[in-house]
Amino acid sequence: QLPLADSHRAWAVALTLLAAYTLTMARDLSAFDSPELALAAYGLGLGHPPGQPLHLLLAHAFAQAPGVSALFAMNLLSAVAGALCILPAWSLAETLLGRERLVPIWIALVFVPIGLHPLLWESATRIEVYSLASFFCLWAIARVAVPERARDLGYAGIALGLGACANPYLSVIAALALAPGLLVAVVRRRIALRAIPRAVAGGCIGLLPYLYVPWAASREYVPGVLVWGRPNDPDSLRRYFLGLDYARSRGITAPEWMSHVVDWCAWAWDRGVLALLITGLFGVLLAERRSLLLTAAALGSTLLGVSLIASNTLWQPDIPDYLGYLVLAGWIAGAGVVALLARANEIGRWRASCWSTT
């Protein structure tokens, strides 16, 4: 369970964002990986490595919804996951402000335009894995961000494992971004060292949906079932899980990588992506309840996401899938923006009261 002091408002904003996503989402197939993900999910097959089993199984379940087309329902899964990201992001904003104070509703509503920012809107309105993976990663970060909850890292580990069953890169980014804050907490004895094995065990539990992959690989000859790469023997399955089909897409030199970083930053600045990420980071840094863990999570998820994007040899900065690796950073930044506005509002009210008494 997430720590939420004002769950009713958080759910109201989430439902508002869900309505906006549903009205603007795709009703059919869209570009890039969406057709493949839809076909694999509809027939209980297997998509590109490493399989995305949690997204696949949930998309298949959504496709059985009565009264709507399967494609509408599978697009709706992304909308639901994107809207649910509000809940852990709201929890992070409360952590930054101090849980004894509620976030004013007019400031909380800022989450709606943040959620409609192209960085977050794009993956929540078509068949994709990024919103679902980001929800579980955000949940893990929000759980760990509260000191009294951080001691039990098992639940956070489960969430990161489930996130990896939708997109492993995002879970690795979240884990690495959390690592500095958790290490400091262990050194300062705020978290017991024995909590780390619990997190690892939780992660293993969260990864259980990957057991679906060998079963699905055996269905390659079932009519109408898409199975990527025929991973129906141990060696093929090993190649599949290692993603060796994509090995060439990561063979990049350091100068090329740096060129891509500069190119992407220029592109992201022109489109307001960097503005959201930088403003949110300042919100985290200037929060009344500054947290090393959340600062590291905000900075780490941004830097690691950009680094991963820039490592692609097939390079176009405006490829929509690339933005998916920054959905996690975008929602943390959203929490920082809300905390920054709430803090500015409190300072403004304090100054107004001082003027009125003088």
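Kindly evaluate Val112 against the criterion of being assigned to a helix (DSSP H, G or I), modelled with pLDDT under 95 and surrounded by fewer than 24 Cβ atoms within 10 Å (Cβ to Cβ).
Numbers: assigned to a helix (DSSP H, G or I): yes; modelled with pLDDT under 95: yes; surrounded by fewer than 24 Cβ atoms within 10 Å (Cβ to Cβ): yes.
Spelling it out, Val112 is indeed assigned to a helix (DSSP H, G or I), modelled with pLDDT under 95 and surrounded by fewer than 24 Cβ atoms within 10 Å (Cβ to Cβ).
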(request) Scan Ile205, Ile191 and give me the residue that is aliphatic (A, V, I, L, M) and part of a helix (DSSP H, G or I). (result) Ile205
(message) For the condition in contact (Cβ under 8 Å) with a residue 40 or more places away in the chain, within 26 Å of Gly324 (Cα to Cα) and touching a Lys or Arg at 6+ places or on another chain (Cβ under 9 Å), what is the one hit in Val200, Val213, Val184, Val227?
(response) Val227
(request) State which residue is modelled with the highest pLDDT when the search covers only the range 125-181 and only residues that are farther than 25 Å from Pro320 by Cα and in a loop (DSSP other than H, G, I, E, B). (result) Leu153
(message) Just checking, does the range 263-278 include any residue being over 24 Å from Leu116 (Cβ atoms) and either free of Cβ contacts under 8 Å to residues at least 40 places away in the same chain or not in a loop (DSSP other than H, G, I, E, B) (or both)?
(response) yes
(message) Suppose we filter the range 299-308 for residues that are farther than 17 Å from Ala275 by Cβ and touching a Leu at 6+ places or on another chain (Cβ under 8 Å); how many remain?
(response) 2
(message) Out of Val13, Val80, I need the residue that is crowded, with 16+ Cβ neighbours inside 10 Å, in contact (Cβ under 8 Å) with a residue 24 or more places away in the chain and closer than 26 Å to Gly161 by Cβ. Which one?
(response) Val80
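Just for the range 257-309: of the residues that are among the aromatic types (Phe, Trp, Tyr) and more than 29 Å from Glu94 (Cα to Cα), which one is least open to solvent (accessible area, probe 1.4 Å)?
Here the answer is Trp264.
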(message) Given (1) surrounded by 19 or more Cβ atoms within 10 Å (Cβ to Cβ); (2) closer than 22 Å to Val225 by Cβ, identify the lone condition not met by Leu39.
(response) (1)
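The values are calculated or read from the model by the stated rules, or taken from the named source; none is laboratory data. Predicted model only: the values in this text are computed from it and were never measured. Cβ coordinates were reconstructed from backbone atoms using ideal geometry, including for glycine residues, and neighbour counts include every protein chain displayed. Side chains are part of the model used for accessible areas, which takes the heavy atoms of the whole protein and leaves out ligands, DNA and RNA. Shrake-Rupley method; radii C 1.70, N 1.55, O 1.52, S 1.80 Å.
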